Each structure stands twice: as structure tokens, then as C-alpha cells.
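Below is one structure, written out as C-alpha cells; the observations come after it.
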Amino acid sequence: MITIDAAWIRSNSKTFAQKRVVVLTGAGISVSCGIPDFRSQKGIFNDIKKTLGISGRNLFTYGISVAKETRNIYIKYISKLKNMVDLATPSLTHRFLLSYSEISKGFRLYTQNIDGLEEKAGMAPKNDKSTQLVYLHGNMKELACLYCGARLNFGETERKEYEAGNEITCACCILRNEKRGIESMAGLRKRPVGMMHTTIIHYDQQHPESAFISKMAQNDGCCDLFIVMGTSLRVLGVKKLARYFCRLEGTKGRRILVNLETPPKEFVDLFDFFWNGDCDEFCEIVGECIGINTISSNIQRLSIEGSNSINDCNLNNPIDRSFQHTNSNVCDQNTQAKIHA
């Protein structure tokens, strides 16, 4: 793995032009937007440890996120994170990736980020092979019922409910039970009413989109440029995806890592080139070389610290797993909003 600089990029600009590109991104591309990464000293996991006295991995483990004993602390922290995400604006890197997608022979962005800044920049995900944006860890656009899977837009009203420590009950479950109440003479029994939960992917959770992600990766087997930006490559699923693209014959000699820290040893021999620095700077230089004009914006610096305090919780209590259902029924969001109001 050779360390590269601006001079190398300018001398090898053809490496980036007219290619079938796959990009894998992590939290590092959103740090300049004011959203902390997860594992640095000022990152989200460190804030959770300092504020709550528990590890970030524990808080974002599925069983703990839905357990009655820890649910309140989880939704309050989600409210704080959601507020930060909603206030953030896309970075130079996000805007570069949108422009890059428009001039490449082929393009796919796999993002670990849940902040949705790729969409704010203008790159919309689709549910078929034409999509240029694939969420690896979900996002914060919607909430889903833990019982029936019904979806609800995760807006400011819902965020404030979480901030206050209030659960949001599923409107579809309520409507279903109201209907069953009317038809009780027919012997229909009421079912449980589920709670709305984030659609981000937690540790120890079965990934609902794993088949789709695998299919997209197979479709991208013909790519001839692989760029990884802003990730430490420590999450198992992401490591597998990175290894897959690094070992493709078509990406040989064009596997580039962009990050502030060196990768795990297992990746040193898999990447050809390493930009040891800022993602925005890398994208700005590449953009200049291939005719993409990236415009810097006034970036609002945000902090995960200083938000409303969260009550302590006891993680030693047994976990109640009584409402961990993952059905995928869809309920009209207008109906959800009407009943929630």
C-alpha cells in the first residue's frame, strides 16, 4: 500500500476518470459537517461512555435498545442524535460524490452512515439495481413498529416525544385493534400494540436488507475503481464488503483508502494506495483533476455534548424481549400521523 498525496493525484488523474466506481464510506465523511464519528476521542461512543457510563456498543445492541429497563435512555439518546443529523448540511465530500456519480460510467455508493446527508446532497436511494445509494446500517428517516413493521416518518414531532422520554405507539396496531373490537362478536381477539423503533441497524440484529446489499455487490463485480473513505474498517459486515471489492480482478491497481488513520493490518496488502488525510481535501483535488467543481459551504459545527442529560440506567437487569417482532407490513404515514396527533 503506497501513501499518496496531491501531486500523485494530479499525475494520475486518469485513474479517476470514466470508471465504473464503487465507493464505501463511513462516519469520517460527515465529521466536517459537525457530526462526530463513532470511535474517536470526541466521537459518539466516547460521549455515551462519559454521559451514561456504558459502552456505545451496548447502547446500540438490539436487545438493549428495545428492553424495557433501558428503553428510555435509548430513545433519549436517539433524540439527541436525530437533532444533530437534522441540523447538519452536506460536506464537500457529499457534493463531490453526487457530481462524481453523474460523470462516471457506473457508480454505487455504499454508506455506513445513518445521517442521510447523501440524500440531502441530492442522491436518492431506490429499491432496485439502478440505485446509486445503498444504506448499510439503515438511516433515521423513519420509525418502524416492533410488532407489525408499519412505518412512520421520523420527524420533529416524533423526535420531541423521544426527547421527553415518551414512547410512540403504532397507529396501525391501534386501528387494527379498534376494528377487532367492533368485530369482537366474530371471535377476533385483540393483538399487542407495538412501539415505534428506529430503522438503524443495531449490533446483534438480523439485517433486513442483507439480501439486497449482497445482490448489489454482485452486480458491481465489474467495477474498475474502488474507493473507501472515512472508515476504520472495524465492523464485520463492512470488512467483508471491502475485502470482496479489493479482491476483484477489475479493481487491481485502483483500490484507494482515504482516512485519517491507517487501516487494520489485514487491509494493508489489499489496498494499493492510501491517502492519509482529510476526505474533503482528497475529493476537492480529485474534483479539480476530473472537472468537478466542488463549492465549499458554511459548515455549522455541532457537538454531541451539551444536550439534555439522560438518566442513568442499570444494564444488569434482565432484558424483556417481549416485543421484538420484525414483520414488514406497511401502514400509510398519514394515518400514523393523524392518530399520533
Quiz item: Any residue at all in the range 112-122 that is assigned to a helix (DSSP H, G or I), among the polar types (S, T, N, Q) and within 24 Å of residue 37 (Cβ to Cβ)?
Solution: no
Self-check item: Filtered residue count, the range 220-254, keeping only those that are of a type in the set (S, T, N, Q) and in contact with a Pro (Cβ under 8 Å, 6 or more places away or on another chain)
Solution: 1
Exercise. With respect to residue 101, determine if the residue is in contact with a strand residue (DSSP E or B) (Cβ under 7 Å, 6 or more places away or on another chain), surrounded by 16 or more Cβ atoms within 10 Å (Cβ to Cβ) and assigned to a helix (DSSP H, G or I).
Key: yes
Quiz item: So which of 110, 77 ends up being touching a helix residue (DSSP H, G or I) at 6+ places or on another chain (Cβ under 7 Å) and closer than 29 Å to residue 214 by Cα?
Solution: 110
Self-check item: Qualifying residues in the range 204-235 (those that are more than 23 Å from residue 267 (Cα to Cα) and in contact with a helix residue (DSSP H, G or I) (Cβ under 7 Å, 6 or more places away or on another chain)) - the one surrounded by the fewest Cβ atoms within 10 Å (Cβ to Cβ)
Solution: 204
Self-check item: Candidate set: the range 17-28, residues that are among the hydrophobic types (A, V, I, L, M, F, W, C) and at pLDDT below 95; chosen: the one farthest from residue 277 (Cα to Cα)
Solution: 17
Self-check item: Among residues of the range 1-45, those that are outside any strand (DSSP E or B), surrounded by fewer than 17 Cβ atoms within 10 Å (Cβ to Cβ) and more than 18 Å from the chain's Cα centre (by Cα), counted
Solution: 14
Quiz item: Which residues, counting only those in the range 32-77, are among the basic types (Lys, Arg) and farther than 24 Å from residue 231 by Cα?
Solution: 68, 71, 76
Exercise. With the checklist (1) farther than 12 Å from residue 25 by Cβ; (2) under 16 Å from the mean Cα position of the chain (by Cα); (3) touching a residue at least 40 places away in the same chain (Cβ under 8 Å) in hand, flag the one item residue 92 doesn't pass.
Key: (2)
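Residue-by-condition table, conditions (1) among the acidic types (Asp, Glu); (2) closer than 25 Å to residue 233 by Cβ; (3) in contact with a strand residue (DSSP E or B) (Cβ under 6 Å, 6 or more places away or on another chain); (4) modelled with pLDDT under 95:
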| residue | (1), (2), (3), (4) |
| --- | --- |
| 63 | no, no, no, yes |
| 94 | no, yes, no, no |
| 111 | no, yes, yes, no |
| 133 | no, yes, yes, no |
| 152 | no, no, yes, no |
| 165 | no, no, no, yes |
Quiz prompt | Residue under evaluation residue 50, criteria (1) within 16 Å of the chain's Cα centre (by Cα); (2) over 30 Å from residue 254 (Cα atoms); (3) not polar (S, T, N, Q), criterion not met | solution = (1)
Exercise. Kindly list the number of the only condition in (1) surrounded by fewer than 21 Cβ atoms within 10 Å (Cβ to Cβ); (2) of a type outside the set (S, T, N, Q); (3) within 15 Å of the chain's Cα centre (by Cα) that fails for residue 122.
Key: (3)
Exercise. Could you check, for the range 68-83, whether at least one of its residues is under 15 Å from the mean Cα position of the chain (by Cα) and either surrounded by fewer than 17 Cβ atoms within 10 Å (Cβ to Cβ) or not in a helix (DSSP H, G or I) (or both)?
Key: no
Self-check item: Sole exception among (1) on the phi > 0 side of the Ramachandran plot; (2) under 15 Å from the mean Cα position of the chain (by Cα) for residue 117, by number
Solution: (1)
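The values are calculated or read from the model by the stated rules, or taken from the named source; none is laboratory data. Only a predicted model underlies this, so the values are computations on that prediction, with no experimental measurement involved. Because the Cβ atoms are built from the backbone with ideal geometry, glycine has one as well, and the counts that use them run over all protein chains shown.
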